[in-house]
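A.B. asks: Just dropping this structure here.
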């Protein structure tokens with residue numbers, strides 16, 4: 001059995017201690033950066049979440065954006081940490097870039113929808129609970145997801161619209177103003193008393209408690225056709241009362257005109 005060379009072991013130990021002493025400042029500073037960075041990332045993440053909640057962002061999007069920020073900061077911290085240890089980071093960054101490019105090329109459609117979702121968040125053309133018309137659909141927004149917006153139609157059908165197409169198309173938001181006007185056209189016979197007809201129609205609007213006094217409802221002669229005098233009837237209502245006001249105005253105007261003996265001609269209705 002060979003004898004242990006104590007002098008050789010002592011030399012190894014001495015060199016190890018010297019290397020450790022020389023490397024310890026980098027090691028200590030690297031771990032300090034790591035621990036302080038992790039604490040700072042948690043603090044920043046909490047602050048960002050609070051800001052997004054105060055701005056009334058959708059909870060799903062709030063969590064998603066906060067998670068993206070969290071992992072982006074962690075990757076940045078990791079690169080800084082290994083760089084401080086003296087490890088070459090250029091190859092590591094190049095690998096991350098190549099991976100990002102490959103993923104981006106393979107998921108172009110998804111990235112377009114993701115970017116569309118970000119535009120919706122930033123510019124806020126609508127929010128959860130709004131009734132909108134877009135991509136040929138009129139529905140109420142239920143959830144703004146990462147790649148699609150979930151909506152429910154008046155017939156309780158669930159519609160998923162890609163955010164890319166949604167952000168690039170025309171959006172009509174029926175809820176943003178808080179109030180909404182219904183536009184009707186009633187046609188009466190030329191034999192009717194025009195002033196009386198106008199008075200009857202306006203009285204129907206004024207007597208409806210769900211029709212707003214401001215902006216004031218309007219009734220005026222819109223057009224003279226070969227067969228009838230057309231009246232524009234325009235009541236305003238809160239978004240929550242719009243459906244009721246719309247149907248009540250149709251029914252009450254017809255009943256009131258007939259009660260006064262005013263002949264109603266075929267008419268059109270425009271929302």
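A.B. asks: Which one of these is surrounded by 13 or more Cβ atoms within 10 Å (Cβ to Cβ) and in contact (Cβ under 8 Å) with a residue 40 or more places away in the chain: 147, 186? Can you show your working first?
C.D. replies: On the way: 147 fails: in contact (Cβ under 8 Å) with a residue 40 or more places away in the chain.
Testing whether each residue is surrounded by 13 or more Cβ atoms within 10 Å (Cβ to Cβ) and in contact (Cβ under 8 Å) with a residue 40 or more places away in the chain leaves just 186.
A.B. asks: Which ranges mark the strands (runs of 3 or more DSSP E) fully within region 183-271 that have 3 or more residues being more than 30 Å from residue 155 (Cβ to Cβ)? It would help to see each step written out before you state the result.
C.D. replies: Numbers: elements: 183-188, 218-224, 229-234, 236-238, 264-270.
It comes to 218-224, 229-234.
A.B. asks: Could you figure out which of (1) in contact (Cβ under 8 Å) with a residue 60 or more places away in the chain; (2) over 41 Å from the mean Cα position of the chain (by Cα) isn't true of residue 178?
C.D. replies: Every listed condition holds for residue 178 apart from (2).
A.B. asks: Looking at the structure I just gave you, is residue 144 under 30 Å from residue 241 (Cβ atoms), modelled with pLDDT under 85 and not assigned by TED's automatic domain parsing to the domain that holds residue 240? Full working, then the answer.
C.D. replies: On the way: under 30 Å from residue 241 (Cβ atoms): yes; modelled with pLDDT under 85: yes; not assigned by TED's automatic domain parsing to the domain that holds residue 240: yes.
It is true that residue 144 is under 30 Å from residue 241 (Cβ atoms), modelled with pLDDT under 85 and not assigned by TED's automatic domain parsing to the domain that holds residue 240.
A.B. asks: Quick check: is even one residue across region 45-61 surrounded by 15 or more Cβ atoms within 10 Å (Cβ to Cβ), assigned to a helix (DSSP H, G or I), modelled with pLDDT under 85 and in contact with a strand residue (DSSP E or B) (Cβ under 7 Å, 6 or more places away or on another chain)?
C.D. replies: Yes, region 45-61 contains at least one residue that is surrounded by 15 or more Cβ atoms within 10 Å (Cβ to Cβ), assigned to a helix (DSSP H, G or I), modelled with pLDDT under 85 and in contact with a strand residue (DSSP E or B) (Cβ under 7 Å, 6 or more places away or on another chain).
A.B. asks: Only one of 245, 200, 229 is under 30 Å from residue 131 (Cα atoms), surrounded by 14 or more Cβ atoms within 10 Å (Cβ to Cβ) and at pLDDT 90 or above; which?
C.D. replies: Numbers: 200 fails: under 30 Å from residue 131 (Cα atoms); 229 fails: under 30 Å from residue 131 (Cα atoms).
None of the other options fit; the residue is 245.
The values are calculated or read from the model by the stated rules, or taken from the named source; none is laboratory data. This structure is a prediction, so every number in the text was calculated from the model and none was measured. Neighbour counts run over all protein chains shown; Cβ positions are idealised from the backbone, glycine included.
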